[in-house]
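Let me begin by presenting the structure, written as structure tokens, before commenting on it.
The values are calculated or read from the model by the stated rules, or taken from the named source; none is laboratory data. The structure presented is a predicted model; accordingly, all values stated were derived computationally and were not measured. Cβ coordinates were reconstructed from backbone atoms using ideal geometry, including for glycine residues, and neighbour counts include every protein chain displayed.
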There are 2 protein chains.
Amino acid sequence: MSAPIYLEDLTPGRRFTAGPTLVTEEEILAFARQFDPQPFHLDHEAARAHIFGGLAASGWHTAALTMRMVVQALEGLPWGVVGGGGELQWPRPVRPGDELRLEIEVLEVTPSRSRPDRGTALMRNRTLNGAGEEVQIFTVRIMVPRRPQE
Amino acid sequence: MSAPIYLEDLTPGRRFTAGPTLVTEEEILAFARQFDPQPFHLDHEAARAHIFGGLAASGWHTAALTMRMVVQALEGLPWGVVGGGGELQWPRPVRPGDELRLEIEVLEVTPSRSRPDRGTALMRNRTLNGAGEEVQIFTVRIMVPRRPQE
């Protein structure tokens, strides 16, 4: 168990990291068959002819693998990681063999005006490949409890 | 195979639908174990005590199930469904037994100024539960080829 992370521990600029996560071709194909069955996620030949220029993971697969790293990185959050949504970007594709890393940066912390026991943190979750290039950026606001008063 | 859908076929207000997709408890647990291993996605007891008030699917699971419906609804797109990202919202949780439906609406169509063979379509993909309530809204811009000149 990590030490608990309360709202007071989240100052803008604080970073959390996780990874690496290896993305295998087998996993790319399995995810695509289940959730995103398009040729460029399923077949090398079809993928070469496509804008991707080769087999690429579904963006939703990248998002799901990122979430697994987010859960590791933010294990100490008492209410877990629950976001109501956010802005999602996939600047470049994820390829078989890529090793993904996660870098979370706290952007903004806002105590609730109506609920003194909580607040929200705006975070930018950047998923990077082995070359350090961004493959996903998700900017999300999550609810975090304040440190209990003794 | 559906008839091909070109940029000229996408007028603002046009709708596409797919579903229903049944979400089973077994699938919720399997997805969470793999990608979002937090107690409220894995365990009824823990989920009851959480803000969700009961077992809920990972938002990324909802997103992945939605993508499967998007691929069905937009099968006719010649270059497939490839988005660079978008605005994602999860207004309410998905529960075991929910039947999800997809409603896509074309919001805006923009021919490319530099590439006469293509353009982009801004779409709002709403995922609804059996009660017709929104469980996810994803607003995304995708690239679509223009109808080839004979």
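Quick notes
- Breaking point among (1) touching a helix residue (DSSP H, G or I) at 6+ places or on another chain (Cβ under 7 Å); (2) at pLDDT 95 or above; (3) within 7 Å of chain B (Cβ to nearest Cβ), for A:F40: (2)
- Checklist (1) over 27 Å from B:Q149 (Cβ atoms); (2) within 13 Å of chain A (Cβ to nearest Cβ); (3) within 18 Å of the chain's Cα centre (by Cα); (4) of a type in the set (A, V, I, L, M, F, W, C) applied to B:L22, failing item: (2)
- Screening A:A56 with (1) away from chain B (no Cβ under 12 Å); (2) over 30 Å from A:T110 (Cβ atoms); (3) out of contact with any strand residue (DSSP E or B) (no Cβ under 8 Å at 6 or more places or on another chain); (4) not in a helix (DSSP H, G or I) gives one miss only, at (1).
- B:V71 being out of contact with any helix residue (DSSP H, G or I) (no Cβ under 8 Å at 6 or more places or on another chain), assigned to a helix (DSSP H, G or I) and without any contact (Cβ under 8 Å) to a residue 60 or more places away in the chain: yes
- Any pair with Cβ under 7 angstrom, 6 or more apart, that starts in the stretch A:81-108 at a residue that is under 26 Å from A:D43 (Cα atoms) and ends at one that is aromatic (F, W, Y): A:L88/A:F138; A:P93/A:F52
- Screening A:R146, A:R124 for residues that are in contact with a helix residue (DSSP H, G or I) (Cβ under 7 Å, 6 or more places away or on another chain) and among the basic types (K, R) leaves exactly one candidate, A:R146.
- Yes/no for A:V94 being part of a strand (DSSP E or B), buried (at least 18 other Cβ atoms within 10 Å of the Cβ) and not basic (K, R): no
- Test: residue in the stretch A:98-111 that is facing chain B (nearest Cβ under 10 Å), among the acidic types (D, E) and either closer than 19 Å to A:G13 by Cα or surrounded by fewer than 19 Cβ atoms within 10 Å (Cβ to Cβ) (or both): no
- Residue match in the stretch A:28-41 (condition: closer than 28 Å to A:E105 by Cβ and not aromatic (F, W, Y)): yes
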